[in-house]
Structures are given as structure tokens and as C-alpha cells.
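K.L.:
Quick one: this structure, given as C-alpha cells, is what I'll be asking you about.
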Amino acid sequence: MLREYEVLRELSSIGRAPAVESYFSFDDDQFWVIPIELPKGRSLLADRLSRTPDETSILHTLKQAFIALAEVHGRGIIHRALTPDRVFLRDSGKVIFSDFF
């Protein structure tokens, strides 16, 4: 959990993951809580299920997703659970990722 916290904290600073608050524990450190902001935007899965995208939209999303992945990988981070419901499209066109595990 602490590894994911560090990853989310680093990637949120460059706008590629939701923001996280300071983590805390309770019950004599048996339970850890990492408050994570809900990702803004819509998931790639929800977007594709809600409409049939045109070719231009698909190409734009793919380009933005690969740019985002290149930034993430450039920091030595690999997303180990990348699925369409963990890729979020913001209104600005920017792509962010959630749930790095």
C-alpha cells in the first residue's frame, strides 16, 4: 500500500493520477488508510460504452494515453493493472490513471 501511495503522490504532482492525502493507520497500525481523490473525468470503459467514437476521437485518445504512459514509464513506474476502467479521460483531453496496485 505504501508503494502505491508513493506512486500516486508522485504521479498526481504531474497530473497523471488522482491526488492523495497523507495516509494514516488505526488499531495499533493493523489497518492503513490512503485517502484518494476520485479521478476527475470519465473512464475509458464508460466513455466507450456510452457512445460509438469516431476515428478522430479514438486516435486522439490513443495518442494521449501513450503520451501519459511514456511519462509514467519515464519515472520508472509500471501500471500493473491497466484496464479501460482505470484509464480516465479528462475534459481537457488529458489522460490519467488509477489503481496502480
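Every number here is computed from the coordinates shown, using simple stated rules; none is lab data. The model shown is predicted, which means the values in this text are computed figures rather than measured ones. When we count neighbours, we look across all protein chains shown, and the Cβ atoms used for this are built from the backbone with ideal geometry, even at glycine.
K.L.:
Relative contact order (percent) for the chain, with alpha-carbon contacts under 8 angstrom and 6 or more residues of separation?
P.N.:
Computed value for the chain: 32 percent relative contact order.
K.L.:
Roughly how big is the stretch 2-97's charge dipole about its Cα centre, with Cβ charges of +1 (Lys, Arg) and -1 (Asp, Glu), in debye to the nearest 20?
P.N.:
It works out to roughly 500 debye.
K.L.:
At Asp27 and Ile78, where each label point lies 7 Å from the Cα along Cα→Cβ, what is the point-to-point distance in nanometres?
P.N.:
3.3 nm
K.L.:
Counting pairs of alpha carbon atoms under 8 Å apart in space and at least six apart in sequence, what relative contact order in percent does the stretch 1-56 give?
P.N.:
23 percent
K.L.:
How charged is the neighbourhood of Ile58? Take every other residue with its Cβ under 12 Å from the Cβ of Ile58, and add Lys/Arg as +1 and Asp/Glu as -1.
P.N.:
0
K.L.:
Taking only DSSP H segments of four or more residues, each worth -39500 (n - 2.57), what value at 222 nm results for the chain once the sum is divided by all its residues, to the nearest 500 deg cm²/dmol?
P.N.:
Mean residue ellipticity at 222 nm (helix-derived): -12000 deg cm²/dmol.
K.L.:
Quick one: order Leu44, Leu8, Leu62 by neighbouring beta-carbon count within 10 Å, fewest to most.
P.N.:
Least to most surrounded, the residues fall as Leu62, Leu44, Leu8.
K.L.:
Measuring from label point to label point, each 7 Å out along Cα→Cβ, what is the Glu71 to Lys40 span in nm?
P.N.:
That separation, rounded to one decimal, is 1.3 nm.
K.L.:
Pick the calculated Kirkwood radius over Cα pairs in Å for this structure from (1) 13.5; (2) 14.5; (3) 13.9?
P.N.:
Calculated Kirkwood radius over Cα pairs in Å: the matching label is (2).
K.L.:
I've got another one for you. Using Cβ counts within 10 Å as a stand-in for footprinting exposure, how do Thr52, Thr61, Thr83 rank, fewest first?
P.N.:
Least to most surrounded, the residues fall as Thr52, Thr83, Thr61.
K.L.:
To the nearest 10 degrees, how steep is helix 55-74 against the longest Cα principal axis of the chain, on a 0 to 90 scale?
P.N.:
The angle comes out at about 30 degrees.
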